[in-house]
Amino acid sequence: MASFEDNDIDVPDPSLMNVIEQDSLKWIFVGGKGGVGKTTTSCCLSIQLAKKREKVLIVSTDPAHNLSDAFCQKFGRDPMLVDGFENLYVMEIDANADMDKIQGEMSAATGDDEQSVLQSLMGDLTSSIPGIDEAMSFSELMKQVQTMDYDTVVFDTAPTGHTLRLLSFPTIMEKALGKIMDLKDKFGGMLSSMSGLMGGGAGPNGESPTDMMLGKLEETREIINKVNTMFQDPTVTTFVCVCIPEFLSIFETERLVQELSKFGIDSHNVVVNQVLFPEKDADELAEWFEEEKGKLSKEAAEICSKMMARKKMQDKYIGQCFDLYGDDFHIILQPLLDHEVRGVEKLTEFSETLVNPVDLEVD
Ligand SMILES: Nc1ncnc2c1ncn2[C@@H]1O[C@H](COP(=O)(O)OP(=O)(O)O)[C@@H](O)[C@H]1O
Ligand SMILES: [Mg+2]
């Protein structure tokens, strides 16, 4: 394979084995554009991790949950064991439901009038500060997950735009806190005299709704800042980029890699999924086709010709991928299968090529 052979000794090996073998890794993100194979890769990587780690959790932060689809098993907010495993768990989180829960918990500690103040504060925050719901829900998730004894947590993230939002949560929290502080400065007196009239403050310690909200946001900020420091430590966190060999996907991957490096988050693996005949070279295939096409029926020749065009295009983008990342990243080519990758059996089978890649035909 002229453009992406792996016979250069210094080039990282084309396998995700490096991630499996790095025992210190606690948080592994899997991200990329929609439909490229993030969920499939998260599941496959986790299946391989589960062979080496005591307890592995996959978390989906994608609102379009598909871990349930991939494993053909219904998961929810609480970690659930995957059928057929003893140490592989899945949870799917929902930012909207989490916001309702947070609000519910705060409201439970208050009277009716404070509840409506809290409700309107929360509504105000979610509408004026985009992403605050995700930030708060993520902080709840991390608070919960950190108390559990998983060796490794794999995040099946939402498509690229959302993934990067995760990295901006600290800024979002600062904005939210600023907003509530402003409100407190403006209406603080009024709010506390109101709760005074109602016979004391709102919270269990007699604080006003704004103070409760401030308390909650400060707690969230603290968690998010701690978590972000952790995510910026390459010994515990890495980001696996998934793409397909097409222009837009490679373009988005480059954006993602740049952004991750800007935020100081380690990434050194790119999975190129849905590759047609990863072990074959487009030029060689073209030669074969030239010789054989006379013997094929018209329909067969047409189908082959379409396939060849596709293969040629894929090779171009795989070549670009190696040019961009080949020196520093492990690039793993995953074959396009003839069927969907659903259910434990198929996922397990597919997971093998992540660690034992198909042999590239080197001349
Ligand atoms: N290499 C592949 N060959 C065939 N089908 C695939 C492959 N990778 C993923 N799929 C299928 O493509 C669909 C989208 O994959 P998925 O992992 O859910 O993508 P994402 O999470 O990035 O949106 C799923 O139905 C999956 O089974
Ligand atoms: Mg998905």
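The values are calculated or read from the model by the stated rules, or taken from the named source; none is laboratory data. Computed from a predicted model, the values in this text were never measured in an experiment. Using ideal geometry, Cβ is built from the backbone for each residue, glycine included, and neighbour counts are taken over all protein chains shown. For the accessible areas, the whole protein counts, side chains as well, though only heavy atoms, and no ligand, DNA or RNA atoms are used. Shrake-Rupley method; radii C 1.70, N 1.55, O 1.52, S 1.80 Å.
Determine, yes or no, whether Asp94 is within 16 Å of ligand 2 (Cβ to nearest atom), at pLDDT below 80, open to solvent by less than 50 Å² (accessible area, probe 1.4 Å) and among the charged types (D, E, K, R).
Working: within 16 Å of ligand 2 (Cβ to nearest atom): yes; at pLDDT below 80: yes; open to solvent by less than 50 Å² (accessible area, probe 1.4 Å): no; among the charged types (D, E, K, R): yes.
Answer is no for this residue.
Conditions tested, residue by residue: (1) at pLDDT 85 or above; (2) assigned to a helix (DSSP H, G or I).
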| position | (1), (2) |
| --- | --- |
| Gly76 | yes, no |
| Asp83 | yes, no |
| Asp100 | no, yes |
| Gln103 | no, yes |
| Val117 | no, yes |
| Leu125 | yes, yes |
| Met136 | yes, yes |
| Met142 | yes, yes |
Can you tell me which condition Asp69 does not meet? The list is (1) in a loop (DSSP other than H, G, I, E, B); (2) within 16 Å of ligand 2 (Cβ to nearest atom); (3) out of contact with any Phe, Trp or Tyr (no Cβ under 8 Å at 6 or more places or on another chain), and all the others hold.
(1)
Among the residues of the range 95-151, what is the count of those that are of a type in the set (Gly, Ala, Ser) and under 18 Å from Met181 (Cα atoms)?
4
Selected residue [of a type outside the set (D, E, K, R), within 28 Å of Lys175 (Cα to Cα) and surrounded by fewer than 17 Cβ atoms within 10 Å (Cβ to Cβ)] from Gly76, Gly111, Gly84, Gly131
Gly111
From Ser68, Ser60, grab the single residue that is under 11 Å from Arg342 (Cα atoms) and either within 15 Å of ligand 1 (Cβ to nearest atom) or open to solvent by less than 10 Å² (accessible area, probe 1.4 Å) (or both).
Ser68
Considering the range 246-296 alone, what residues qualify as being under 19 Å from Val11 (Cβ atoms) and part of a loop (DSSP other than H, G, I, E, B)?
Asp266, Ser267, His268, Pro278, Glu279, Asp281
For the range 82-104, pairs from a residue that is more than 15 Å from Ser68 (Cβ to Cβ) to a residue that is surrounded by 13 or more Cβ atoms within 10 Å (Cβ to Cβ) and among the aromatic types (Phe, Trp, Tyr), with Cβ under 7 Å and 6 or more apart or across chains, are none
Has the range 316-334 got any residue that is more than 26 Å from Cys43 (Cβ to Cβ), away from ligand 2 (no atom under 16 Å from the Cβ) and open to solvent by less than 30 Å² (accessible area, probe 1.4 Å)?
yes
Residue in the range 15-36 that is away from ligand 1 (no atom under 15 Å from the Cβ), modelled with pLDDT under 95, in contact with a strand residue (DSSP E or B) (Cβ under 8 Å, 6 or more places away or on another chain) and open to solvent by 20 Å² or more (accessible area, probe 1.4 Å) present:
no
Checking Ile250 against (1) on the phi > 0 side of the Ramachandran plot; (2) modelled with pLDDT of 95 or more; (3) of a type in the set (A, V, I, L, M, F, W, C), which single condition isn't satisfied?
(1)
